[in-house]
1. Find the helices (runs of 4 or more DSSP H) located wholly in region C:37-119 whose residues include 2 or more that are under 22 Å from residue C:176 (Cα atoms), and list them.
2. Based on this model, can you work out whether residue C:93 counts as surrounded by fewer than 22 Cβ atoms within 10 Å (Cβ to Cβ) and closer than 30 Å to residue A:459 by Cβ?
3. Does residue A:331 satisfy the condition of being over 18 Å from residue B:31 (Cβ atoms) and within 14 Å of another protein chain (Cβ to nearest Cβ)?
4. Out of all the residues in region A:201-223, which are crowded, with 20+ Cβ neighbours inside 10 Å and within 13 Å of chain C (Cβ to nearest Cβ)?
5. For residue A:409, state whether it is surrounded by fewer than 16 Cβ atoms within 10 Å (Cβ to Cβ), in contact (Cβ under 8 Å) with a residue 24 or more places away in the chain, outside the structural domain of residue A:213 (by TED's automatic domain parsing) and touching a helix residue (DSSP H, G or I) at 6+ places or on another chain (Cβ under 8 Å).
6. Report yes if residue B:80 is surrounded by fewer than 18 Cβ atoms within 10 Å (Cβ to Cβ) and either facing chain A (nearest Cβ under 10 Å) or under 23 Å from residue A:297 (Cα atoms) (or both), otherwise no.
7. Does region A:141-155 contain any residue that is part of a helix (DSSP H, G or I), within 14 Å of chain C (Cβ to nearest Cβ) and surrounded by 20 or more Cβ atoms within 10 Å (Cβ to Cβ)?
8. Being free of Cβ contacts under 8 Å to residues at least 60 places away in the same chain and under 19 Å from the mean Cα position of the chain (by Cα) narrows it down to one of A:339, A:369, A:351, so name that one.
């Protein structure tokens, strides 16, 4: 059940009525409804792993309670390790097992040892990277005393399986979502209306931008040999936009739907393509994942390495971003994707410019020339890594890079889709960035857009977006890129 | 050394490391209130405090602080046995 | 609070909803080849003894009105896959009490039809799902397909809402008679019948063909075993085709499909009649390189009639 399907619309409408009209007086019943809806939502996509989701919830629920209860540090640590091993173990088994076997086999082969371990035919449970990170953060936060273990199993199970963000995030930390589940929700008219705006914007980004970009980028990445460098550049450029529009569009919808049922879940994107350096980019891109790894990987590592000054920091950050890369799946392309980003930080750390926070074009309409160059430079660095992110293998990515840096860059790009739809795609990208630029200080692009206009004009603007989605949107039932992670 | 002196000295370290003269710390101050205080500068702050007071925190201690007050408590425990 | 919010959303959505209702009603009056074939089929379900099924070659090439001894119907349609043909027969068996014979028209490109990505005809699954309630072979069915607005691109729905939905009606539909035969016009030009045209058609058809035929052959033998239980015969037929096409079509694919069909007919005892190389058909019998026109269809139907008589009597 993708957010863009009619099935989801009916599912959510039914849920909405039950939630606000039938069960509104009782928090526990409301949570039970959230839980049942989440399990239904999950089974719709893939019922085979529902039992896994439930087992993981049961185990972590009890681990949380006993970690908090136990007074002996040894037992506390033991329980925590059980939880961590379960979380990382499940991830490792489903997502990384075959990768390790393949790598071992290659090493053995290189050493001339004839010992072939067989890989398993593993199907990856949907959303596993997302819900595993939730349970891990829950246990770690209890261990550090940042939160209390919840004794309400419905609350905890709903936290693990919360349907708006179950399959592709944002990854909510326990301290954000659990207190909201424990409290009585009050319907906030303004927040819900804003949620609707955010959903509308998410739909626009997904159906108009991302899916139309995909029709151009897919053929380029699937058969790039022999194409001129200029085409490859267009491919890399549009793919970068596509990933952003796809994933941030999805996140906008997830956040919007959550707001309709009275939850404020973690923000996932803060207009990353307006970032002026890589550090700022990562503070704005997939925020729920980066803040997760910053808290549970980077901070402990940097504390451990704190006596080695900048070298320690560099090491911590490269490890940190490599883990961000691996999180996307066990492929060398993902590892390199993270590693390259880690390396991008090195000059920033050495020159101490990493955390100089400066808002771009504050109180101004346009950025300064310098700011513009910074944005362009950051975008190019990011675009460079999306090539390897999209490629099937590292070798394929290297071919792409080699062909990209050739003289044929000075030629007219060759695009498979017709002129009309290519123009529409470029124009809609331009409009998207213009609107996002004007709303860059807000939570999402439409949050304040056009508020000074008279109501009928504003409504006409919203109708125009609906119209654009219907006419120019691509409705081939394309999956979201991040639903595979 | 009493608690207020420690707080004052920590305040000076913050001003120094974060290059922001307007910082005034209280026990309740948290990282979200000071723009420059992020995960990276946090490490610089810890290292400077350790050097200044000639003490050594454990990883767990550092990660358990929720506000400046708890940080001062950890320092007090180490310098006044 | 919630009520106020809902009223506001409803107010915003009401023009859109009204338009969608208007579009749904408008589109439900647009005839398609699927709806016409189904309607006429169900009108005759109680009396039918023979059903012809296949893709466009048999839709244009077999005219049931020439089969005077038995009531028959042609359920072929453009690019109808073997999967669809088999399922259409299987799911409607209960409705046809008198059915004695199913004639499945095959060709190499249907036998080796691509699955998944290379298949440009996949969109038709929507229509079979909507009109025949047929579960699709490749795509995930969407609830939207239950509605007429789900069958077309949103922009088509929107733009034709302004032009009038009756403009969507395919003019060729009036050539389909009440027994399912589409009358192909005979005014063929030299362009439609030439090696150049054949070359282009073949190139288009070969795109994405599969090397294995296990999938499609599986459907045929499944259909055969179902029909056997009901004492209904199944025969395979390959229609005549123009000499231009025969010259351009790669012979190795023809040979491969011959091997596959031969082994199927032997193991499953399915009679097979191949008219592909029949020399009695001339340029004047073809509408284009792959399809017979109405003269050719009459000629072929009479020819086929003789064959069927021997089977049915």
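The values are calculated or read from the model by the stated rules, or taken from the named source; none is laboratory data. On a predicted model such as this, the values are computed, not experimentally measured, just so you know. Glycine gets a Cβ as well: all are built from the backbone with ideal geometry, and neighbour counts include every protein chain shown.
1. C:56-61, C:82-91
2. Judged against the criteria, residue C:93 is not a match.
3. No, not satisfied.
4. Answer for region A:201-223, where residues must be crowded, with 20+ Cβ neighbours inside 10 Å and within 13 Å of chain C (Cβ to nearest Cβ): A:203, A:207, A:208, A:211, A:212.
5. For residue A:409, the condition - surrounded by fewer than 16 Cβ atoms within 10 Å (Cβ to Cβ), in contact (Cβ under 8 Å) with a residue 24 or more places away in the chain, outside the structural domain of residue A:213 (by TED's automatic domain parsing) and touching a helix residue (DSSP H, G or I) at 6+ places or on another chain (Cβ under 8 Å) - is not met.
6. no
7. No: zero hits.
8. One residue alone meets the criteria, A:339.
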